[in-house]
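Derivation of every value follows stated rules applied to the coordinates shown; laboratory data play no part. Quantities reported herein were computed from a predicted structural model and do not represent experimental measurements. No Cβ is skipped: glycine too gets one built from the backbone with ideal geometry, and neighbour counts run over all protein chains shown.
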């Protein structure tokens, strides 16, 4: 049996993050009309930041972003 191109664990993490973001946005929408767009933007940004390590290295801007992220994380130690 061939291995999948994307490990199943990564898909579960991305799916869980998307589901939490969607449910959080839905709750925020029903709780308040003010700030809903801001809350949704923050949740989408969080999911985007968490998915940075899983981007393919095919593009130069992705490689630069990952290099900068590694540099920042190594500096904090």
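Tabulated data
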item: Sequence of 20, 39 once ranked by neighbouring C-beta atoms within 10 Å, starting from the fewest; result: 20, 39
item: Relative contact order (%) - the stretch 8-75, alpha-carbon pairs under 8 angstrom, separation at least six; result: 26 percent
item: Order of 44, 27 - criterion: other Cβ atoms within 10 Å of each residue's Cβ, fewest first; result: 27, 44
